[in-house]
1. With the structure loaded, tell me whether residue 405 is under 26 Å from residue 259 (Cα atoms) and buried (at least 19 other Cβ atoms within 10 Å of the Cβ) or whether it fails that test.
2. Determine, yes or no, whether residue 267 is in a helix (DSSP H, G or I), closer than 13 Å to residue 130 by Cα and either at pLDDT 95 or above or over 20 Å from the mean Cα position of the chain (by Cα) (or both).
3. Among the residues of segment 366-389 satisfying the criterion of being touching a helix residue (DSSP H, G or I) at 6+ places or on another chain (Cβ under 8 Å) and within 17 Å of residue 290 (Cα to Cα), which is modelled with the lowest pLDDT?
4. Give just the number: which of (1) part of a strand (DSSP E or B); (2) more than 13 Å from the chain's Cα centre (by Cα) does residue 246 not satisfy?
5. Exactly one of these conditions fails for residue 110: (1) on the phi > 0 side of the Ramachandran plot; (2) crowded, with 19+ Cβ neighbours inside 10 Å. Give me its number.
6. Tell me which residues, restricted to segment 181-198, are surrounded by 20 or more Cβ atoms within 10 Å (Cβ to Cβ), assigned to a helix (DSSP H, G or I) and touching a residue at least 40 places away in the same chain (Cβ under 8 Å).
7. When you scan segment 364-389, how many residues do you find that are over 23 Å from the mean Cα position of the chain (by Cα) and either farther than 18 Å from residue 325 by Cα or not in a loop (DSSP other than H, G, I, E, B) (or both)?
């Protein structure tokens, strides 16, 4: 039994969740997974892969995981949790705090040593139909052959590194899904991301098995998707789960979304969103919202996205603003002080207008408002290292398509980035 309730660094996730990365490695969570060194390791120092464990509960035997739990229960921060520590030091609401609030009822079971795996966060390899400008070969196979052609020299990879991304096998291995299914009886939440999860037949089969076993009715399904596909078989699967939450990636409106996410066609994307809004009440949706990834390229697009969302009846009226910190040269803090100051004013003005509307649900959407506060705090922070400044010139010189589209959509921003 651990005395965890009074610890100011407690995070429920090491006890309640299994996070499996695109390549099959285990991490504490999606935030920790931003640094490959944070992968959970066996006693010999080798990363633990889902392909190599007998079942997910055995991960509790990992010595490093035990050490992390001990530190978190004693007001200490493990190295793997430094991102949340940094967010909280800036006064921001961290992933740790959000999850502790969401799963507060399970803290007693952690305290008594009777907790179970309640959450699965599965990153389904790198099979994707888009090559988003801020993404990489770990999350989209379409970047593998293009990475060195388009990225700054400092980020180029050798052939071995790139070849390792050509095939990430775990999401296609039936025996792995059987291991995951063995520990599914206590699940209350499943998150799927990619790659593009709505392209995964294996994920569909796994969710169908949960329906057949009677577990789906107790599970909230959370999916991060680019929503370029929306098929009837997915709609049928969703109808069997307790709740379904969709977080749809959107980084601009119209041509700017196409600029940010090469391969996407705005007309088709918008058609799928409108369909979801139309059929919303026919399915157990808890929410359908937009995820806006704030970065130097699209910071000016946040207000147009906010305005566009007012067209819908059931889609959340505000986007959730997540913050891109890597690649470092794409960080929004590179923007000039005058641009950042003006942007925050514009965001707040539009936010106030939407929040003060008669139909706005303050309680339901508070977490979205909080994301704006985090984004504003981030933008006010210091810019990254100056050594990365030249990277934009290299990227735009190599990436002719991005250069051309940005010149068409925002010439002022193009000239600013080239001047760094």
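1. Taking the combined requirement at face value, the residue satisfies it.
2. Working: in a helix (DSSP H, G or I): yes; closer than 13 Å to residue 130 by Cα: no; either at pLDDT 95 or above or over 20 Å from the mean Cα position of the chain (by Cα) (or both): yes.
No; evaluated as a whole, the condition is false for this residue.
3. Narrowing segment 366-389 to residues touching a helix residue (DSSP H, G or I) at 6+ places or on another chain (Cβ under 8 Å): 367, 369, 372, 374-376, 378-385, 388-389.
Checking the rest, the ones that are also within 17 Å of residue 290 (Cα to Cα) come to 367, 369, 372, 374-375.
On the way: 367: 91, 369: 96, 372: 95, 374: 88, 375: 94.
Ranking the qualifying residues of segment 366-389, first place goes to 374.
4. (2)
5. That leaves (1) as the condition not met.
6. Across segment 181-198, the qualifying residue is only 197.
7. Looking only at that region, the number is 3.
Let's see how each residue does on (1) assigned to a helix (DSSP H, G or I); (2) at pLDDT below 95; (3) surrounded by 16 or more Cβ atoms within 10 Å (Cβ to Cβ):
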| residue | (1), (2), (3) |
| --- | --- |
| 314 | no, no, no |
| 341 | yes, no, no |
| 345 | yes, no, no |
| 348 | yes, no, no |
| 359 | no, yes, no |
| 392 | yes, yes, yes |
| 414 | yes, no, yes |
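The values are calculated or read from the model by the stated rules, or taken from the named source; none is laboratory data. Model, not experiment: these values are computed from the prediction. Note that each Cβ is placed from the backbone with ideal geometry, even for glycine, and that neighbours are counted across all protein chains shown.
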